[in-house]
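Step one of this worksheet: look at the structure below.
The values are calculated or read from the model by the stated rules, or taken from the named source; none is laboratory data. This structure is a prediction, so every number in the text was calculated from the model and none was measured. FYI the Cβ positions are ideal-geometry reconstructions off the backbone, even for glycines, and counts take in every protein chain you see. Just so you know, the surface numbers come from the protein's heavy atoms only, side chains and all, with ligands and any DNA or RNA stripped out. Shrake-Rupley method; radii C 1.70, N 1.55, O 1.52, S 1.80 Å.
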Amino acid sequence: MNSSAAAISFRGVHKQFSLDQAPVLAGLDLDIKQGEIHVLIGFSGTGKSVTIKHALGLMKPDSGQVSVFGSEIAELNDYQLREMRMNFGMLFQGVALFDSLSVYENIAFPLREHRKEMSEQEIRHRVEELLLKVELEKAIQKMPEELSGGMKKRVGLARAMALKPKILICDEPTTGLDPVTAQVIDTLIEKSTREVNASAFLVSHDIHAAIRIADRISMILEGKIIITESPEGFKRSQHPVVLQFLESAGVV
Amino acid sequence: MFTGFVGYIRYLGTLTLFATQSIAWLFVRPYRFPQFIDEMEFIGNQSLSIISLTGLFTGAVLAYQSWIAFDIVGTDSLVGVSTSLALARELGPVMTAIVVTGRAGAAMTAKIGLMRVSEQIDALEVMAISPKQYLIAPKIVAAAIATPFLAGIFTLVGNVGGYLVGVFLCGVDPGVYIHNLKSFLAPWDIYHGLIKSIIFGFVIATICCYKGYTTKNGAEGVGKSTNESVVLGIVFTLVMDYFLSVIIPTGMRSQ
């Protein structure tokens, strides 16, 4: 498998929700390579989460193409889309744990659905292994409402990694967390994806985290990618908007 | 978005499409028996006490009011059959549908709506699980099956209430009460009500699930969807009741 081939590819993607508003995506071009950690940063309301929803097939572009491992999402029927989504693990901004299920049941859920060959004992073993990785083995029987924001994110990450996805997608993984917890989450995301050689596509406005863990960083502005660079290259960028972003975050 | 007559037609089309797509998932593996059983328990079993209570008092008041009217013309022996007919053909299915809408339907909308606004439905989709298969189809099928059973219980308990009031309060002869009921109540009166109940259950669940599934704007949106689903469920029930009463052949009653 060519390691530089795109896991997710956006080509000229346009998306507009209403005619009296500016398009959210205005010709977005972006490649997420296999095995890389790619962070998409940008100001609030610039289309970061919409970009993710296009990658997952939760939204369809008005025009342009979104491909996952070479398959264009718009051409897939419901069943093919379901198969395609088996490649993904997703950590939602609000985590989206099933609030009627315990931590154990939440992580076991995708395993029970898609790994019918696994016995209940094997599922328990896998859940415990995942919880150990995110250092939450003692919370196994807790309900989501009993968890702090950081703990929820860690459970969400464990659930996202349960099926050993080829692509991990994280929507604002550290929003609302204190800096120490945010760093723990970032490190866990990096460790989890590197271990299984998965790709990770994160959207965030946390440039510190992006520089710390990303292989490449892209910045979105008014629905277009204005720069894609390595963290070092990104820091050296002279693009006025990038400079403004870096200065406001105290990076330069 | 939907305005005027065309809007109503479009809305009906959207609901039909939603129900059809959800039901189509019933035939795709994995089959969702555990979810179906859970919904049957929630819609059916947990509604039993409220259905029995409302049924008892509906039958009682119906017997009492009809006795007042029949007594004027000296035909109070018809209290039993009039109560039974009204319960079996109209009040059983309609009142049950209203209770199911208020109790189970509102809960369905609120639960699905909350799952929608907290991205839990997106999470299901991303996990390659169809929310229509996992969440919606079991609720629609369970409601279509549970509602006629509940309507049957409502009618049965209502008849007990009618008998108690008719015989012990209004003084109708118990033998005459039962005799007239047996003579004039035909099996098709009961089938008529049960057929309507199946359709009511199906439509109510479809409306309530659709309202939850399309919820937007956080907690406020969940409240709005729940309110709309209850209002729509009751309005649809009453409007459909008229048309179904006309469509389901009355002539068969004589067979």
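Listed values, structure above:
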quantity: Residue within region A:59-77 that is facing chain B (nearest Cβ under 10 Å) and closer than 30 Å to B:P34 by Cβ present; calculated: no
quantity: Total residues in region A:172-184, condition buried (at least 23 other Cβ atoms within 10 Å of the Cβ) and not hydroxyl-bearing (S, T, Y); calculated: 1
quantity: Subset tally (residues that are surrounded by fewer than 19 Cβ atoms within 10 Å (Cβ to Cβ) and of a type outside the set (S, T, Y)) for region A:185-204; calculated: 6
quantity: Qualifying residue in region A:49-60 (condition: in contact with an Asp or Glu (Cβ under 6 Å, 6 or more places away or on another chain), open to solvent by 10 Å² or more (accessible area, probe 1.4 Å) and among the small types (G, A, S)); calculated: yes
quantity: Residue among B:F168, B:F200 that is open to solvent by 20 Å² or more (accessible area, probe 1.4 Å) and among the hydrophobic types (A, V, I, L, M, F, W, C); calculated: B:F168
quantity: Residue, nearest to B:K132 (Cα to Cα), within region B:173-222, restricted to residues that are of a type in the set (K, R) and assigned to a helix (DSSP H, G or I); calculated: B:K211
quantity: Helices (runs of 4 or more DSSP H) wholly inside region B:1-87 that include at least 2 residues being at negative phi and among the hydroxyl-bearing types (S, T, Y); calculated: B:4-24, B:48-72, B:79-86
quantity: Pairs with Cβ under 6 Å, 6+ apart, first in region A:235-252 and more than 14 Å from A:L221 (Cβ to Cβ) and of a type in the set (F, W, Y), second modelled with pLDDT under 90 and open to solvent by 60 Å² or more (accessible area, probe 1.4 Å); calculated: none
quantity: B:F36, sole failed condition from (1) surrounded by fewer than 20 Cβ atoms within 10 Å (Cβ to Cβ); (2) under 18 Å from B:D173 (Cβ atoms); (3) aromatic (F, W, Y); calculated: (2)
quantity: Top-ranked residue of region A:90-112 - restricted to ones that are at the interface with chain B (Cβ under 9 Å from one of its Cβ atoms) and open to solvent by 40 Å² or more (accessible area, probe 1.4 Å), ranked as nearest to the chain's Cα centre (by Cα); calculated: A:Q93
quantity: Subset of region A:153-171 (residues that are over 11 Å from the mean Cα position of the chain (by Cα) and either within 12 Å of A:I213 (Cβ to Cβ) or crowded, with 21+ Cβ neighbours inside 10 Å (or both)); calculated: A:K153, A:R154, A:V155, A:G156, A:A158, A:R159, A:M161, A:A162, A:P165
quantity: Filter pass, A:E135 being outside any helix (DSSP H, G or I), in contact (Cβ under 8 Å) with a residue 12 or more places away in the chain, away from every other protein chain (no Cβ under 14 Å) and open to solvent by 40 Å² or more (accessible area, probe 1.4 Å); calculated: yes
quantity: So B:K111, is it more than 8 Å from chain A (Cβ to nearest Cβ), closer than 17 Å to B:P30 by Cα, out of contact with any Gly (no Cβ under 6 Å at 6 or more places or on another chain) and not hydroxyl-bearing (S, T, Y); calculated: no
quantity: Residues (within 30 Å of B:S49 (Cα to Cα), out of contact with any Ser or Thr (no Cβ under 7 Å at 6 or more places or on another chain) and among the hydroxyl-bearing types (S, T, Y)) located in region B:119-157; calculated: B:Y134, B:T155
quantity: Region A:61-83, residues that are under 20 Å from A:K164 (Cβ atoms) and either aromatic (F, W, Y) or open to solvent by less than 10 Å² (accessible area, probe 1.4 Å) (or both); calculated: A:V68, A:F69
quantity: Test result for A:V39, touching a residue at least 60 places away in the same chain (Cβ under 8 Å), within 13 Å of chain B (Cβ to nearest Cβ) and of a type outside the set (G, A, S); calculated: no
quantity: Selection count where residues are outside any helix (DSSP H, G or I), more than 20 Å from A:V103 (Cβ to Cβ) and touching a Pro at 6+ places or on another chain (Cβ under 9 Å), scope region A:159-198; calculated: 2
quantity: Qualifying residue in region A:118-132 (condition: farther than 24 Å from A:E195 by Cα and at the interface with another protein chain (Cβ under 8 Å from one of its Cβ atoms)); calculated: no
quantity: Candidate set from region B:114-131 (those that are assigned to a helix (DSSP H, G or I) and open to solvent by less than 10 Å² (accessible area, probe 1.4 Å)); member that is farthest from the other protein chains (Cβ to nearest Cβ); calculated: B:P131
